Every structure is written in structure tokens, then in C-alpha cells.
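Remarks on the structure that follows.
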Amino acid sequence: MTRIGIILGSTRPGRNGEGVARWVLDVAAERDDAEYELVDLLDYKLPHLDEVYPPSLGQYQQPHTLAWANKIASFDGFVMVTPEYNHSTSGALKNAIDFLYGEWNNKAVGFVSYGGVGGARAVEHLRLIAGELQMADVRSQVALSLFTDFENFSTFKPGDHQREALNTTLDQVVAWSKALAPLRAA
């Protein structure tokens with residue numbers, strides 16, 4: 001069965017991303033095309049990148065890196081839930097991505113973002129990063145507005161149309177994850 005990790009890319013206290021990521025998981029749980037798992041960056045306690053060797057060498061030394069690498073390696077694709085901070089993604093998500101290299105290769109990735117303009121600029125940065133990591137980023141995405149999909153900018157209440165956008169994103173992530181399986185096997 002194809003395994004998709006839903007990465008919660010914010011570690012801030014009171015983060016909006018927790019509600020968003022749980023919504024993604026709830027919608028995904030209604031499907032039977034893959035196994036979905038929520039991966040919360042708070043559970044991994046990654047410091048600023050502290051590995052001696054470049055991640056592309058795969059010579060991880062730190063226990064926290066090894067745990068993170070094992071978790072990411074267990075998936076065939078991902079949905080990254082990202083806030084938009086200062087026209088980009090969160091530092092915590094960027095740092096977590098930067099810890100690894102080979103574990104990301106030949107896997108699909110889709111994005112669910114939130115912010116003043118739906119987190120669109122954060123996703124554009126993540127698409128560039130995905131290309132460098134040899135990931136296939138899918139076209140569809142979910143862009144959640146703090147003005148219309150959150151009450152008082154903090155209580156997540158997505159519009160009905162967002163469920164359709166999420167299902168389209170999940171369809172694409174699963175399809176590309178399956179299509180890339182021969183590359184991962186090689």
C-alpha cells in the first residue's frame with residue numbers, strides 16, 4: 001500500500017497548522033487509495049542543522065537525524081502543511097527538509113498552505129526546494145486564507161470548496177507516488 005506522510009510544518013505555540021493538518025488527515029482517512037500518517041515536526045526536536053557531512057552523502061551521525069531519516073524513508077509521498085512567514089515557509093519546515101536528501105528522492109509532494117494570501121509564496125519556495133531534492137511536486141494545491149478559512153485568524157473553518165481542492169491534491173500525490181515507485185526501487 002502506498003504510504004503518504006502529512007507533514008505538519010509549524011512548531012509555533014498556538015499554531016494554526018495543527019487544525020489544518022488534522023483536517024487533511026481526516027479527509028485522507030475517508031479514502032482507500034493509500035495509508036496516511038500525520039508527521040508533526042514537534043515530535044522530532046530537530047535543532048538547527050548539526051550534521052558534519054552534507055545530507056547528500058547520507059552519512060548521518062546524530063540520533064535525531066537518524067530517527068527523522070527513518071520516518072521520512074518510510075513514505076512514498078508527502079503532503080506538506082505550511083504556513084507562510086515573511087513570503088516563505090517556516091524555518092522549522094525548511095530545516096527539517098534540509099536535514100535529509102536521499103530520503104526525499106523520487107517521491108511526490110503536494111502542498112496545503114495557509115496565510116494572508118493562502119500561503120502561495122511559501123509553496124513557490126517549497127516547489128524550488130522539491131526540485132533540488134528530486135521530488136515531483138504536483139500541480140494542485142490547497143491555499144487557505146486566514147481571512148476566509150479561519151475565524152478570528154485562529155479557528156480553522158475551511159470553506160466547502162477546500163475539501164474538493166484537497167481531494168484533487170491527494171489524488172495527484174497518490175498517482176505520482178505510485179508512478180515513481182520503480183525509480184525508488186532502483
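Bear in mind these aren't lab numbers, they're just calculated from the coordinates by the rules spelled out. Given the structure is predicted, the values throughout are model-derived calculations rather than measurements. Note: ideal-geometry Cβ built from the backbone for every residue, glycine included; neighbour counts use all protein chains shown.
The figures follow:
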{"read-out": "In nm, spacing of pseudo-spin labels at ALA67 and ALA120 (7 Å Cα→C-beta vector)", "value": "3.9 nm"}
{"read-out": "Lys/Arg +1, Asp/Glu -1 at C-beta; the range 3-185 dipole; positive extreme among SER154, ALA28, LEU93", "value": "LEU93"}
{"read-out": "Translational diffusion of the chain, µm² s⁻¹ [Kirkwood Rh, Cα pairs; Stokes-Einstein; 37 °C; 0.692 mPa s]", "value": "200 µm²/s"}
{"read-out": "Whole-number percent relative contact order across the range 1-144, with pairs defined as alpha carbons under 8 Å at least 6 apart", "value": "25 percent"}
{"read-out": "Long-range HN-HN contacts of LEU146 with modeled amide H, under 5 Å", "value": "GLY115, GLY116, GLY118"}
{"read-out": "Packing-based exposure ordering (other Cβ within 10 Å, fewest first) of THR2, THR11, THR148", "value": "THR148, THR2, THR11"}
{"read-out": "Most mobile listed residue (ALA136, ALA28, ALA67) in the chain, GNM with C-alpha springs under 10 Å", "value": "ALA67"}
{"read-out": "Helix-only [θ]222 nm of the chain, DSSP H runs n ≥ 4, -39500 (n - 2.57) each, per residue, nearest 500", "value": "-11500 deg cm²/dmol"}
{"read-out": "Pairs from LYS71/LYS94; LYS45/LYS157; LYS71/LYS178; LYS71/LYS157 whose Cα-Cα separation, in the structure shown, is over 25 Å", "value": "LYS45/LYS157; LYS71/LYS157"}
{"read-out": "5 angstrom amide H check on PHE156, placed H, neighbours 5+ away", "value": "GLU151"}
{"read-out": "The chain, dipole about Cα centre (Lys/Arg Cβ +1, Asp/Glu Cβ -1), debye to the nearest 20", "value": "220 debye"}
